[in-house]
1. Of all the residues that make up the range 348-388, how many are part of a helix (DSSP H, G or I), of a type in the set (D, E, K, R) and either closer than 30 Å to G455 by Cβ or within 29 Å of the chain's Cα centre (by Cα) (or both)?
2. Among the residues of the range 348-363, how many are touching an Asp or Glu at 6+ places or on another chain (Cβ under 9 Å) and either modelled with pLDDT of 95 or more or closer than 29 Å to K504 by Cα (or both)?
3. Just to verify a result, which residue in the range 179-193, among those that are outside any loop (DSSP other than H, G, I, E, B) and in contact (Cβ under 8 Å) with a residue 60 or more places away in the chain, is nearest to K204 (Cα to Cα)?
4. Might you let me know whether the range 489-506 holds any residue that is under 30 Å from G189 (Cβ atoms), in contact with an Asp or Glu (Cβ under 7 Å, 6 or more places away or on another chain) and loosely packed, with under 15 Cβ neighbours inside 10 Å?
5. Name every residue in the range 414-463 that is touching a residue at least 24 places away in the same chain (Cβ under 8 Å) and β-branched (V, I, T), in order of residue number.
6. Exactly one condition in (1) over 30 Å from S259 (Cα atoms); (2) in a loop (DSSP other than H, G, I, E, B); (3) among the acidic types (D, E) is false for E86; which is it?
7. Go through (1) modelled with pLDDT under 85; (2) of a type outside the set (D, E); (3) under 22 Å from the mean Cα position of the chain (by Cα); (4) in a loop (DSSP other than H, G, I, E, B) for G213 and report which single condition fails.
8. Can you find a residue that is of a type in the set (S, T, N, Q), touching a residue at least 60 places away in the same chain (Cβ under 8 Å) and part of a helix (DSSP H, G or I) anywhere in the range 510-520?
Amino acid sequence: MINLFEKFTILACQGWSWGCHTHTTVKPEATLMAAVLVIFCFAWWWTKKFTNINPPLPPGPRGLPIVGNLPFIKPDLHRYFAELSEIYGPIFKLQLGVKTCIVINSPPIAKAVLKDHDAIFANRDIPAAAIAGMFGGVDIVWRPNGPDFIRLRKLLLRELMSKSRLDASYELRQRGVRQMMKDLHGKIGSSVNIGEQVALSTVKLMITSLWGGSSERSSDLIEFKKRLEEFVNLAGGPNVSDFLPLLAPFDLQGIESKSRKLLSWFYGKFESVIMNRLKTEDVGDDQISKDFLQQLLDLKQRGDDQISDNEIKALLLDMMIGGTDTTTTTVEWAMTELLRHPDKMAKLVEELDTVAGDQNTMEESLLPQLLYLNAVVKETLRLHPVVPLLLPHMPSQSCIVAGYTIPKHCRVFVNAWAMQRDPQLWDDPLCFQPERFLEADISYKGNELRYIPFGSGRRICVGIAMAERMVGLILAVLVHSFEWELAEGRKPDIQEEFGVVLKKLKPLVAIPFARLSNSK
């Protein structure tokens, strides 16, 4: 039984691959629990097997006692789920340990979950690592649906993500982009890892926008980036505690303890920044000079929205995570596709030169005029959605969808990647064609369920407006200010590495050359 338990632990890490690359160990404390655990799980499985449910659960592949379908899971979940959809239909079921997972691969059923029954499915199935790393889920990403979630969401949309607030922090972002241009000019004619360069620039850009920090050393930025990536991998990685909650107190893989350590590091940084801010003189009523942190502190001081210190720190971490890895990944995929399609690159360069001028630097205020740039970003997110399965939803009560019972507290995945490549929904779905978004008015708002890179319903990403600006500005600067060549004329590949964020398997490396004669 102990050997069976150890095998299960390893399978959880290897099969349910969410970016877990560390060796899995089983602590000695688990030995005593193994036999009791196996008996309990078998009894649970036996009872569940003969429980009649009407309407039935969705169809799905048969699994094994105790572990269910876990041993058969393939690493690239988005592709594996699309393959199963061809066998079992647009909605199917998997059993992973004690966790029932429902996978949705079609817009009509996605609409039933994200729109028609939005209130029921608006909760998150919070992984143990996120609970440990977010004060039990007080942030906007994992917080359960309810009055507190609605309050926090409205606060973010009104006070931080509105057009007026984003316009007020315009100069902070522009400053960060100028620094990125300066760094790249120092690497003219040399090979550049575009993803790595954009990642460091984006971390600095987010720090500048969130709390105005501009004096961080390169080593500090690298450390921040490293810890952000580690935290994302822990929160989305395979954890036996999520499949078998009885084991949660033992933290067999050490994921929760690592999350707490990372949380302590991040919050130590945030607390230091907050304390320094409180010691300085008030910045006054001029919103142009206020970064996001100052706006949050002003809200707390007014007392109108009852925001706590822990919520401020959790929101800062949310925005760092949401604004760095996702932005970096989207820009790298966009540059990959543009370098693979020189005609699309030339068309974008022509638009940028027409709107910004062939000897002027790019400004964020010009983004609304750059229609083809917007189409390039949208097409990139269609082919390469940053979060291919979105974040999992969890129904607060059992519900009937598409004629099947969706049980309470199950985990629901919406395969945005599959729907955005469905040949029945898109012409030439595997081709990179930004022009399709010039011909059809398709927005990021999640109203058209065949295109939901940011989700839909009340759990749609609250940072869409900021993401549009950051991705658009960074990509525009890279293309407008520099010409890019591939070493030895190689064509960049589009192999994926599945995880919480769908990244390139191999980094994009290219050589920049200055386009603008006035490098200042």
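The values are calculated or read from the model by the stated rules, or taken from the named source; none is laboratory data. A quick note: this is a predicted structure, and the numbers were derived from the prediction, not measured. Heads up, the Cβs are rebuilt from the backbone with ideal geometry, glycines too, and the neighbour counts pull from every protein chain shown.
1. Just the residues of the range 348-388 that are part of a helix (DSSP H, G or I), to begin with: 348-356, 364-369, 371-383.
This time we only want the ones that are of a type in the set (D, E, K, R), so: 350-351, 353, 364, 378-379, 382.
Next, only the ones that are either closer than 30 Å to G455 by Cβ or within 29 Å of the chain's Cα centre (by Cα) (or both) stay: 351, 364, 378-379, 382.
Number satisfying all stated conditions: 5.
2. Within the range 348-363, residues that are touching an Asp or Glu at 6+ places or on another chain (Cβ under 9 Å) and either modelled with pLDDT of 95 or more or closer than 29 Å to K504 by Cα (or both) number 2.
3. We begin by selecting, within the range 179-193, every residue outside any loop (DSSP other than H, G, I, E, B); these are 179-185, 192-193.
Remaining after also requiring in contact (Cβ under 8 Å) with a residue 60 or more places away in the chain: 180-181, 184-185, 192-193.
Working: M180: 9, M181: 13, L184: 14, H185: 17, V192: 18, N193: 17 Å.
In this case the residue turns out to be M180.
4. yes
5. V414, I442, I452, V462
6. For E86, the exception is condition (2).
7. Result: G213 passes all but (3).
8. Filtering the range 510-520 for residues of a type in the set (S, T, N, Q) gives 517-519.
Applying the additional criterion that residues be touching a residue at least 60 places away in the same chain (Cβ under 8 Å) yields 517-519.
Those left that are additionally part of a helix (DSSP H, G or I): none.
No, the range 510-520 contains no residue that is of a type in the set (S, T, N, Q), touching a residue at least 60 places away in the same chain (Cβ under 8 Å) and part of a helix (DSSP H, G or I).
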